[in-house]
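The values are calculated or read from the model by the stated rules, or taken from the named source; none is laboratory data. The structure displayed is predicted, hence computed values, not measured ones. Don't worry about glycine lacking a Cβ; one is built from the backbone with ideal geometry, like all the others, and counts go over all protein chains shown. What goes into the accessible areas is simple: the full protein's heavy atoms, side chains included, and nothing from ligands, DNA or RNA. Shrake-Rupley method; radii C 1.70, N 1.55, O 1.52, S 1.80 Å.
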Amino acid sequence: MKALEVKGIVKQFPGVLANDNINLSINKGEIYAIVGENGAGKSTLMKIIYGLYTPTSGEIFVFDKKVDIKTPYDAIGLKIGMVHQEFMLIPRFTVTQNIVLGDEPSKGIVFDYKKALNEVEELSEKFGLKVDPAEKVANLPVGIQQRVEILKILRRGAEILIFDEPTAVLTPEETEDLFKTLMKLKKNGKTIIFISHKLKEVIAIADRIAVLRRGKLQGIVERGKTSEVELARMVVGRDVVLKIPKAEAKVGGTVVSIRDLTVKSKRGIIGLKEVSFDVCAGEIVGIAGVEGNGQAELVNALIGFTRPIKGTIAFDGEEIRVITPFNIRKKGMAYIPKDRKMRGLVLPFRSRENIIMGQHTLYPFSKNGVLNNIEIDKFTTKKLEEFDVRPRDIHTRARNLSGGNQQKLILAKEMSMEHKFLLASQPTRGLDIGAMEFVYHKLIEEKERGMAILLISLELSEIMGLSDRILVLYNGEIVGETTPDKTTEEELGLMMLGLKKQKRVAQ
Amino acid sequence: MNSNIPFLNASIAQALDYTAPILFAALGGVMSENAGVVNIALEGMMRFAAFFGVWGSFVSGNAWVGLLWGVGIGIVLGALHAYITVKWAGDQIISGVAINVMAMGMITYLLESVFKTTGYSPPVAYFGAPASKIHLAFLKGIPILGAFAELTILIWFALILVVVLHFVLYHTVLGLRIRAVGENPHAAETLGVNVFKIKWFAVISGSVLAAFGGLALSLGTLSSFTNSMAMGKGFIGLAAMIFGKWTPFGALGAILIFAGAQVLQLFMQGTATGFAKLIPLGFYLSLPYMLTIGALIGVVGKAVGPASDGVPYKKES
């Protein structure tokens with residue numbers, strides 16, 4: 001039986017053909033993945049199915065019946081539910097309030113909270129998705145919040161569940177949990193549509209995979225009949241070098257040296273314990289580790305957001321006593337933050353405004369406090385070209401750029417500042433393959449220009465491929481130091497989980 | 001001290017009289033802002049309703065008719081604010097300012113053209129008349145409680161409304177939806193909640209509450225309209241709402257701090273002896289404001305309103 005069928009879906013946005021004659025047929029009880037780069041049209045297609053967009057033309061069939069979905073409410077009525085990429089949750093409400101909203105158990109006009117609690121409890125048991133119904137959503141980790149989203153749509157009787165990039169916000173452990181959940185749902189006869197650009201995940205979980213590129217359906221492959229390389233070729237439309245080209249390190253003098261750095265985390269506990277290491281010119285030092293093991297504290301101390309309780313940071317052999325973002329950047333630090341939207345860009349600003357931020361007080365961008373628009377525009381035009389930011393329009397607001405292009409804009413901004421040290425914190429987080437490749441190339445270029453680079457990443461392949469030296473962070477301490485040719489991903493993995501320690505060479 | 005009891009009770013009664021209009025305004029704000037629509041027009045709406053209440057009472061000779069007129073204009077203004085801010089997702093502050101400015105000019109004009117006077121209207125039938133007050137004779141003579149022996153129906157209504165609004169917001173389906181819309185309208189929409197309907201309802205009912213605030217001034221405390229109404233009481237209500245963390249009881253508590261200082265001031269003026277007499281009157285007058293600033297720094301430092309308060313809601317296309 002077919003759960004969902006779309007025929008000839010076309011969606012035309014002003015200037016962009018987001019979906020170009022898409023035909024898909026999804027069976028009941030299967031996990032169906034739709035992959036493609038950012039901007040390939042995956043989310044648009046799902047929003048059409050969920051009634052958030054109206055298609056320009058095309059037909060949708062749900063359980064073999066032709067339907068007309070105009071609003072999410074119609075979709076809910078047809079037993080279609082969606083777990084959005086950005087959760088549709090109300091942090092100040094409890095799990096239960098979030099789940100029952102819009103269809104609340106009641107006595108007359110009175111909201112029957114007790115009954116609602118029981119209902120949620122039952123639901124969570126039925127599907128084996130554990131949650132605390134009375135807990136406030138704001139207090140829950142992201143993985144559990146996602147579970148609340150799933151329960152929310154299950155309560156509405158959803159048979160077809162759409163997941164829009166569900167793993168983008170999850171840690172590897174939470175991703176494992178999600179996959180277990182998906183298998184449970186499948187066992188319960190639910191149909192799952194899984195949108196992603198992470199090929200490894202898709203290959204692991206999906207029964208069938210549809211590939212979209214620039215709004216067009218490229219092909220459909222079945223479970224076990226494809227490889228990551230083949231899939232990548234379909235997604236990008238050309239051969240992709242997932243292997244990172246190796247560049248020989250020409251190590252120069254020490255640029256940044258960190259000694260006994262101890263930093264408190266946001267929660268007030270010690271997040272980083274007496275960490276010492278150097279980063280030299282012309283090398284990439286990779287920090288491997290599971291998220292939450294001291295990376296954030298290290299970054300915040302380096303950029304001057306948190307004052308370390310012990311230890312020193314020296315730049316060019318000169319200790320910086322009080323670090324502020326201003327004075328460490330003046331010394332020559334560039335910073336690619338892990339959260340593009342929070343620390344990387346001012347979203348309502350245009351490309352031309354974002355790209356000069358941090359240099360806006362310098363000649364030629366301004367003089368005596370007055371901005372020189374001609375110079376700024378000239379500079380921006382040049383940089384957009386150089387870093388391949390699309391669209392090339394210098395007036396595009398950062399909010400309207402895709403994730404990959406936002407990251408390119410950040411690279412353009414940071415790398416055009418005068419610097420000798422680059423702090424790259426998860427620089428490929430949430431990017432598609434094409435954009436990832438771009439970031440790798442830029443990092444290697446930087447290295448060849450003799451920059452000192454500190455790369456923090458959760459992806460082992462990235463750490464192994466790019467780094468000249470690898471440090472492993474576990475529980476706020478460096479538990480190992482090695483080089484890519486002396487270790488394996490397995491060994492790093494064990495160290496990251498604290499199962500294996502390695503003596504460090506004395507510094 | 002015994003001889004002071006009637007005086008104390010009178011001071012508290014006066015403070016309650018002072019409380020009611022501000023409380024109505026604050027509750028109006030609570031209603032509207034919990035659904036995500038900022039309403040700084042509370043002040044202007046009070047002024048409109050204060051005038052229309054007097055007008056209605058003047059025409060009919062019946063304070064209840066005046067009340068209906070006041071509520072009517074509250075509905076009209078609420079609908080206007082909702083039309084601009086909900087239907088067209090216009091800027092809520094600008095809409096609010098517009099209504100406030102309109103209230104200044106239009107009411108001054110109407111006052112002159114209806115009553116042929118400047119500054120104030122002739123006295124009309126009102127709820128503060130001894131016969132119209134709610135008499136609870138058995139309370140008389142009891143310290144503090146005695147203050148409740150003779151209050152206008154509007155004061156009682158304001159106090160009861162705190163409980164009612166609390167119940168509506170936190171214990172009914174409607175309240176849950178109102179708060180959901182104020183926190184995350186997109187989430188509410190995806191669950192099939194009609195965001196626009198909820199917002200329209202909240203803005204109009206909030207405006208009606210503000211209108212009651214105006215009526216409490218012109219048909220409760222006084223029996224006529226003066227051109228200086230509402231004298232910033234709408235804005236004080238707005239501050240009390242924020243101070244009270246956007247909750248009905250919080251707003252009541254905040255206003256009681258104002259009013260408490262007011263009682264103290266009235267009481268001290270009459271009975272202070274010795275050292276207390278040496279403290280200048282201005283100190284007591286400024287006490288509510290100093291208390292508020294102190295409390296804002298210490299207590300409410302972390303208060304945050306509904307997450308989507310003031311953000312116009314537009315559907316995705």
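Those helices (runs of 4 or more DSSP H) of the stretch B:142-193 in which at least 1 residues are open to solvent by 30 Å² or more (accessible area, probe 1.4 Å) and more than 14 Å from chain A (Cβ to nearest Cβ), considering only elements entirely within it, cover B:153-171. The residues of the stretch A:355-382 that are part of a helix (DSSP H, G or I), among the charged types (D, E, K, R) and over 29 Å from the mean Cα position of the chain (by Cα), listed by number, are A:GLU375, A:ASP377, A:LYS378.
Which of the residues belonging to the stretch A:77-125 are over 28 Å from the mean Cα position of the chain (by Cα), touching a residue at least 24 places away in the same chain (Cβ under 8 Å), within 9 Å of chain B (Cβ to nearest Cβ) and open to solvent by 20 Å² or more (accessible area, probe 1.4 Å)? Hit for the stretch A:77-125 is A:ASP103, nothing else. What single numbered condition from (1) open to solvent by 20 Å² or more (accessible area, probe 1.4 Å); (2) outside any helix (DSSP H, G or I); (3) away from chain A (no Cβ under 14 Å) fails to hold for B:TRP246? With (1) open to solvent by 20 Å² or more (accessible area, probe 1.4 Å); (2) outside any helix (DSSP H, G or I); (3) away from chain A (no Cβ under 14 Å) applied to B:TRP246, the lone miss is (3).
When the residues of the stretch A:352-382 are filtered to those that are of a type outside the set (A, V, I, L, M, F, W, C) and in contact with a Lys or Arg (Cβ under 8 Å, 6 or more places away or on another chain), the one that is most open to solvent (accessible area, probe 1.4 Å) is A:THR381. Condition (residue is assigned to a helix (DSSP H, G or I) and surrounded by fewer than 19 Cβ atoms within 10 Å (Cβ to Cβ)) applied to the stretch B:36-59: is it met by at least one residue? Yes, the stretch B:36-59 has at least one match. Determine if the stretch A:314-336 includes at least one residue that is of a type in the set (A, V, I, L, M, F, W, C), open to solvent by 60 Å² or more (accessible area, probe 1.4 Å) and either in a strand (DSSP E or B) or not assigned by TED's automatic domain parsing to the domain that holds A:VAL472 (or both). No, that holds for no residue. Take the conditions among the charged types (D, E, K, R) and modelled with pLDDT under 90 and apply them to A:LYS266. Does it pass? Against the criterion (among the charged types (D, E, K, R) and modelled with pLDDT under 90), A:LYS266 qualifies. Scanning the stretch A:383-414 for residues that are open to solvent by 10 Å² or more (accessible area, probe 1.4 Å), assigned to a helix (DSSP H, G or I) and farther than 30 Å from A:VAL251 by Cβ gives A:GLU385, A:ARG399, A:ASN400, A:GLY403, A:ASN405.
Just one of the numbered conditions (1) open to solvent by less than 30 Å² (accessible area, probe 1.4 Å); (2) closer than 23 Å to B:VAL76 by Cβ is not true of B:ALA251: (2). Looking at A:ALA138, A:ALA168, just one residue is within 11 Å of another protein chain (Cβ to nearest Cβ), under 24 Å from A:ARG429 (Cα atoms) and surrounded by fewer than 17 Cβ atoms within 10 Å (Cβ to Cβ), and that residue is A:ALA138. Only one of the numbered conditions (1) touching a Leu at 6+ places or on another chain (Cβ under 7 Å); (2) touching a residue at least 24 places away in the same chain (Cβ under 8 Å); (3) open to solvent by 20 Å² or more (accessible area, probe 1.4 Å) is violated by A:MET417, and that is (1).
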